[in-house]
Each structure stands twice: as structure tokens, then as C-alpha cells.
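Undergrad: Pasting a structure here, questions to come.
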Amino acid sequence: MRVLGLETSCDETGVALYDSEKGLLADALFSQIEQHRVYGGVVPELASRDHVKRMIPLIRQVLDEADCAPNEIDAICYTAGPGLVGALLVGASCAQALAFAWGIPAVGVHHMEGHLLAPMLEEQPPAFPFVALLVSGGHTQLVRVDGIGRYQLLGESLDDAAGEAFDKTAKMMGLPYPGGPEIARLAEHGTPGRFVFPRPMTDRPGLDFSFSGLKTFSLNTWQQCQATGDDTEQSRCDVALAFQQAVVDTLTIKCKRALKQTGLKSLVIAGGVSANQALRQSLEKMLGGMNGQVFYARPRFCTDNGAMIAYAGCQRLLAGQRDGPAISVRARWPMEQLPAV
Ligand SMILES: Nc1ncnc2c1ncn2[C@@H]1O[C@H](COP(=O)(O)OP(=O)(O)OP(=O)(O)O)[C@@H](O)[C@H]1O
Ligand SMILES: [Mg+2]
């Protein structure tokens, strides 16, 4: 089965062509980051308008690259939520219009299921069951995964998502959006031990997270540097390192707890923050100590992309799922509500 995948949940237009036998045939992405950077975050209306502009040229590009004619496509998958409603509607209406014109089915995909399954596109994919840590701009969740659509939420952030905390910490130090890669870059030059930040909610049982206090801790530390005239590039690096280490340690502690609780030894990390090298290393060390394994996608499939949507949609189509022609999207959509495959 050959499927076209469209992703428009936020500020990236992603298009990919996936073949269930041959694998990923082509993928293309347009990131709107430059347009939103001046505002320090994503402006929903600008995002929707830009998806409209990029979608058809990107589809053409992907079909050209894969040397694929429209009549060779069996179905279209699109992100149906969660995300920005206006942005989602662009992908959904485009997918439904093309599906109608080409006389093929369309299926709406859950964006976080897309992220979760992205490591399946790699050479050594994880096998079910596993624990997944979803760490993106909008989500921080620990999920027990027994198969596609068989998800049990083990814990989640009670306030900011990990990626959001990276972005906000970066912003208050005057760094550009998105802040995650900026913090990671500065942290490489940080002085270990100069600042030590708390590891929130690790001193009590449970698998929930809270990152907003950590963000405030970073702000207070940075303001103290400013008040004493020590707001230098080195101090910025030191705050970045202390913040990143606190997030990485907290995520590692909770992942270890989730693996112990479930008795599983495979951990999948997905979403933008899973591109973070310090996090990967820390989890690899932790899993190495317990004879387990950590799986993640190549960096460009950690953040939003069309390939993960094409892959996830293809699995649901192969299982017989088809959606009607209605153009319907959801800003919020708990992943546990998805039907099992
Ligand atoms: N190397 C990195 N280290 C830490 N954070 C990173 C890194 N690279 C990207 N991020 C963070 O990942 C987030 C973007 O990831 P992603 O595109 O998966 O999120 P999103 O699509 O905005 O949110 P969601 O998927 O929850 O709707 C941003 O918050 C960004 O700062
Ligand atoms: Mg995302």
C-alpha cells in the first residue's frame, strides 16, 4: 500500500510518501520558524496561511522525487489533531479534496501517535510492548504501548511540556525560538556544578511531571546574574547546562521508574526533545545498566514531519480503518481514545 502523508498541526508543513513494502519513498518539509521567530512563538493565523501556500508545491516535490503518479497512490493520511485548529484544517481539507478527486480513502492521524511511531521508520525498529516517553513542544507523557492504538497513559506533565520549558527558558535569556536546540548548544560550554537546579517531583512516587517551577528557577537565577552584572555569555551557558541537566535527570528518573513499574526493558523516546543528545546519552546509560534498549528516530523525524503521519496512517489503513469525507479536526484529543489495531 502506498500512502501520502500530510502534517500541518503547528508550524511545519510536512509531506511524505510511504510504501508498506518499500518503506519511505520521499519526504519534504517546510519549517515556518523564521516567520514566527520575531514574535518569540507560533502565531496560529500566520501558520495556517503559510500551510495553504506550501502544501501543493510540497506534494508535487514529493511525487516528483519518488517518480510517483497520483494514480499510484492508494490513500491519503493527514494530521487530524491535536494541534492548532486552523493549521489542522488546511491539511485535512487538502487531504479530503485530493482523496475525493483521486477516488481514494483518507484517514485522519493522531499527531502524537505519529511521533510515537516515528522510530519505526529506522533500521532497527522497537518491538511491542515498550514504554514511550513523548517529549515535544506541547506534550510530556509516559505511555505503556502494547501495540498500535493500545496505549495506557502512565504519567504526564501537570503544567508545561518539557519542550515548552526549554523554549521559555531560552526566551527569557534572550535566545531565539525554538529554544531547545539553542539551550543544548549553550549547555555544551556550561560549567558543571556552578548552578544546581531542582529535579521536580522526583522525591515523591508517581510518574507525573512538572516543569514550570524549573522555568521559574532558571528565570530567578538569570535575573540574579543580571542584578550582579554577571549576565555574560558564560553565565548563559551555565544556566543552560543546569536547566538541561535538571530536565534530563528528571526525565531519566521517571523513565526508569516507568520501566520498573511495567517490567519492560524497551524505551522509545519521541518528539522534538528526543533529539537532545544529553537526554539520549543519559537514557542510554540508564538502560545499559538494566540490560535494556532505547529507541529514537533520526533528528529530523523527532520534530514534526510528514513521514511519521504517512507511516502511522498506513498502519491504520492496513488494518482496515477508513474515515468518511467529513473535514473534521480536533485541537485536543487524548491518545487513549484511539481504537486498537
Ligand atoms: N535538541 C533539542 N533539545 C531540546 N529540545 C529540543 C531540541 N530540538 C527541538 N527541541 C524542542 O522540541 C520542541 C518541538 O518539538 P515538536 O515539533 O515535536 O513539538 P510540537 O509539534 O510543537 O508539539 P506537539 O507535538 O506536542 O504538538 C520545541 O519545544 C523545541 O524547543
Ligand atoms: Mg509535534
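Undergrad: Tell me which of these V85 doesn't satisfy, since it passes every other one: (1) crowded, with 20+ Cβ neighbours inside 10 Å; (2) under 17 Å from A326 (Cα atoms); (3) within 16 Å of ligand 2 (Cβ to nearest atom).
TA: Of the numbered conditions (1) crowded, with 20+ Cβ neighbours inside 10 Å; (2) under 17 Å from A326 (Cα atoms); (3) within 16 Å of ligand 2 (Cβ to nearest atom), the odd one out for V85 is (1).
Condition check ((1) within 16 Å of ligand 2 (Cβ to nearest atom); (2) over 28 Å from M335 (Cβ atoms)) across all residues:
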{"residue": "L133", "(1), (2)": "yes, no"}
{"residue": "Q141", "(1), (2)": "yes, no"}
{"residue": "T169", "(1), (2)": "no, no"}
{"residue": "G174", "(1), (2)": "no, yes"}
{"residue": "Y177", "(1), (2)": "yes, no"}
{"residue": "P192", "(1), (2)": "no, yes"}
{"residue": "R204", "(1), (2)": "no, no"}
{"residue": "L207", "(1), (2)": "no, no"}
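Undergrad: Open to solvent by less than 40 Å² (accessible area, probe 1.4 Å) and away from ligand 2 (no atom under 14 Å from the Cβ) - does that describe any residue in segment 320-331?
TA: Taking every residue of segment 320-331 in turn, at least one turns out to be open to solvent by less than 40 Å² (accessible area, probe 1.4 Å) and away from ligand 2 (no atom under 14 Å from the Cβ).
Undergrad: Looking at G190, G114, which one is in contact with a helix residue (DSSP H, G or I) (Cβ under 7 Å, 6 or more places away or on another chain), farther than 16 Å from A312 by Cα and surrounded by 22 or more Cβ atoms within 10 Å (Cβ to Cβ)?
TA: Numbers: G114 fails: farther than 16 Å from A312 by Cα.
Exactly one residue qualifies, and that residue is G190.
Undergrad: On the given criteria, is C77 in contact (Cβ under 8 Å) with a residue 60 or more places away in the chain, out of contact with any Phe, Trp or Tyr (no Cβ under 8 Å at 6 or more places or on another chain) and either among the charged types (D, E, K, R) or within 16 Å of ligand 2 (Cβ to nearest atom) (or both)?
TA: yes
Undergrad: Follow-up question, since we're still on this one. Report every pair of residues separated by at least 6 positions or lying on different chains whose Cβ atoms are under 8 Å apart, first residue within segment 120-142 and more than 13 Å from L267 (Cα to Cα), second at pLDDT below 95 and within 12 Å of ligand 2 (Cβ to nearest atom).
TA: Listed by first residue and then by second, the contacts come to G137/P178.
To keep it simple, each residue is scored yes or no on (1) away from ligand 2 (no atom under 16 Å from the Cβ); (2) aromatic (F, W, Y); (3) over 20 Å from P126 (Cβ atoms).
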site	(1), (2), (3)
T221	yes, no, yes
D231	yes, no, yes
T250	yes, no, yes
K254	yes, no, no
I269	no, no, no
L279	yes, no, no
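Undergrad: Identify, please: which residue in segment 127-167 is charged (D, E, K, R) and more than 8 Å from ligand 1 (Cβ to nearest atom) and is, among those, most open to solvent (accessible area, probe 1.4 Å)?
TA: R150
Undergrad: Restrict the check to segment 120-127 and report whether at least one residue is in a loop (DSSP other than H, G, I, E, B) and either within 16 Å of ligand 2 (Cβ to nearest atom) or among the polar types (S, T, N, Q) (or both).
TA: For segment 120-127, residues in a loop (DSSP other than H, G, I, E, B) and either within 16 Å of ligand 2 (Cβ to nearest atom) or among the polar types (S, T, N, Q) (or both): present.
Undergrad: If you don't mind, another one. Would you point out the residue of segment 288-317, among those that are more than 22 Å from C94 (Cα to Cα) and assigned to a helix (DSSP H, G or I), that is farthest from ligand 1 (Cβ to nearest atom)?
TA: G288
Undergrad: While we're here: Could you please find all residues in segment 291-313 being more than 28 Å from I33 (Cβ to Cβ) and open to solvent by less than 40 Å² (accessible area, probe 1.4 Å)?
TA: Hit for segment 291-313 is G292, nothing else.
Undergrad: G40 versus (1) on the phi < 0 side of the Ramachandran plot; (2) within 16 Å of ligand 1 (Cβ to nearest atom): which is the lone unmet condition?
TA: Here G40 clears every test but (1).
Undergrad: Pick from Q281, Q261, Q226: which is open to solvent by 10 Å² or more (accessible area, probe 1.4 Å), within 28 Å of S31 (Cβ to Cβ) and more than 18 Å from the chain's Cα centre (by Cα)? Steps first, answer last, please.
TA: Values: Q261 fails: within 28 Å of S31 (Cβ to Cβ); Q226 fails: within 28 Å of S31 (Cβ to Cβ).
The unique qualifying residue is Q281.
Undergrad: Report those helices (runs of 4 or more DSSP H) wholly inside segment 168-285 carrying at least 1 residues which are in contact with a strand residue (DSSP E or B) (Cβ under 7 Å, 6 or more places away or on another chain).
TA: The qualifying helices (runs of 4 or more DSSP H) are 233-262.
The values are calculated or read from the model by the stated rules, or taken from the named source; none is laboratory data. No experiment lies behind these values; they were computed from the predicted model shown. Neighbour counts are summed over all protein chains in view; Cβ atoms, including those assigned to glycine, are modelled from backbone coordinates with ideal geometry. Just so you know, the surface numbers come from the protein's heavy atoms only, side chains and all, with ligands and any DNA or RNA stripped out. Shrake-Rupley method; radii C 1.70, N 1.55, O 1.52, S 1.80 Å.
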